[in-house]
Amino acid sequence: MRYSDVNIVRDVPGRMSRIQTITSTANPLLREVRRAISRGERTADGLCVAEGFHLLGEALRSGREVPTVLTSESAREAVNRQVGRLTGTRTAVLPDALFQGLASTESSQGVMALVRPAEWSVEDVFGGASLVVVLDGLQDPGNAGAIVRAAEAFGATGVLFLKGTASPYHPKTLRASAGSLFRVPFVAGLDAALARTTLLRHQVAVYAAMPYTGVQKLAGATDFVRRCAIVAGSEGRGVGKELHGVAEEVAIPTLGVESLNSAVAAAVLLYEARRQRADDEARRQRADDETRRKRQGAA
């Protein structure tokens, strides 16, 4: 193993960022990162691999711990400007060719952060006025990440990744979420039977996103103001029978196409949920204001 400390940078009193050099493909850290990337999992230390400056910035903005940052030699100065003042973050510098062989993207930015994700519970996912997204066998990590991004954008309380769904820690899932996975509560690895029990226990309405065939309830006629869950099925088979049995079919009317991409459909339904809830909040606020004015007038 060729792994050596080459510099220690102290930027401000009491804060230190250790910079190290790795030049061997056999380095244990690189082997562990390579394994995590190829399997779409966390490292043995429970860290997820986030590639690119955007995800590094999102992890820091979200308050996530970033114990290690890997950088190519050519991106070293830019990385140090971003993390050089952080306490407890070590920077590992790799030759450009070695870094490119490690990265999962063809056009790598030369930076890869090992991020400790938050630990969420099922109760976190169902918090408040529940608006839960359930990913049931959705295998494309890009679609899964895009749905998490939409979930954050439209106020979902959390996401359930069922068994058979792309891992939330897959680098492509993280990239597609654009950092939302660092903030949106999620739980991964539930089987369909346990997910069904969990949904029933929390007494939420369950809506299964389905292609429109003329018999499903349309999204605009569906009550998303109530505590509810939206189930997005796999690209091939759709929503599995375990959850389909407790769900009401909901569809988005389309023109010229039979169905929408899973991520697009989920985003449309989440937008509709947010629209309905915002309208309901506005109505409640107007009613409260009117009641207040009447009381003041009577006084």
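The values are calculated or read from the model by the stated rules, or taken from the named source; none is laboratory data. Predicted model, so just to flag it, every value in this text is computed and none were measured. Positions of Cβ are backbone-derived with ideal geometry, glycine not excepted, and every protein chain shown enters the neighbour counts.
Quick notes on this structure:
- When the test is whether a residue is at pLDDT below 95, crowded, with 21+ Cβ neighbours inside 10 Å and either polar (S, T, N, Q) or outside any loop (DSSP other than H, G, I, E, B) (or both), THR91 passes it.
- Only residues that are farther than 17 Å from TRP120 by Cα, part of a loop (DSSP other than H, G, I, E, B) and either among the polar types (S, T, N, Q) or without any contact (Cβ under 8 Å) to a residue 60 or more places away in the chain (or both) were counted in region 46-74, giving 0.
- Any hit, region 277-287, residues being closer than 14 Å to ALA219 by Cα, outside any helix (DSSP H, G or I) and out of contact with any helix residue (DSSP H, G or I) (no Cβ under 6 Å at 6 or more places or on another chain): no
- The residue of region 151-181 that is nearest to the chain's Cα centre (by Cα), among those that are surrounded by 23 or more Cβ atoms within 10 Å (Cβ to Cβ) and assigned to a helix (DSSP H, G or I), is LEU181.
- Selected residue [touching a strand residue (DSSP E or B) at 6+ places or on another chain (Cβ under 9 Å) and under 30 Å from GLU106 (Cβ atoms)] from LEU174, LEU218: LEU174
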